[in-house]
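Below is one structure; the comments refer to it alone.
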């Protein structure tokens, strides 16, 4: 089975998500559960990393790499695969309302 690894940007995204959910809900357990569920999503991606479609960015936007994406609730995880290492690289985790062309991908 594949393993997952997150980039520094994705780690910062997860920290921001936790902070936002905690400040909005006032409930650290709720924020913890959301991050646990996002990690479960990463585990599910590793079971079949090619099951998710390649993300289609808007016309005219050309990211550096080709990314796949998977959703959990209102969040989207962008990732790439590294077959040589058997690794799923989680690049960003963003709220669905985000402008994905304005984040570093």
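Here, each number is a calculation from the coordinates, and none is a lab measurement. Note that the structure is a prediction, hence the values are computed from the model and not measured. Cβ coordinates were reconstructed from backbone atoms using ideal geometry, including for glycine residues, and neighbour counts include every protein chain displayed.
How much mean residue ellipticity at 222 nm does the chain get from its helices, if each DSSP H run of length 4 or more adds -39500 (n - 2.57) and you divide by all residues, to the nearest 500 deg cm²/dmol?
Details: 2 runs with 38 residues, N = 105.
When only DSSP H runs of four or more count, the value is -12500 deg cm²/dmol.
Arranged by the count of other C-beta atoms within 10 angstrom, fewest first, what order do 98, 23 take? Could the numbers behind the result be given before it?
On the way: 98 14, 23 9.
Result, fewest neighbours first: 23, 98.
Using only C-alpha positions, report the orientation-averaged shadow area of the convex hull of the stretch 3-102, nm², one decimal. Each step should come with its number before you reach the end.
Details: hull surface 26.3 nm².
Value for the stretch 3-102: 6.6 nm².
Cα axis of helix 28-47 to longest principal axis of the chain: angle in degrees, 0 to 90, nearest 10?
The two axes meet at around 20 degrees.
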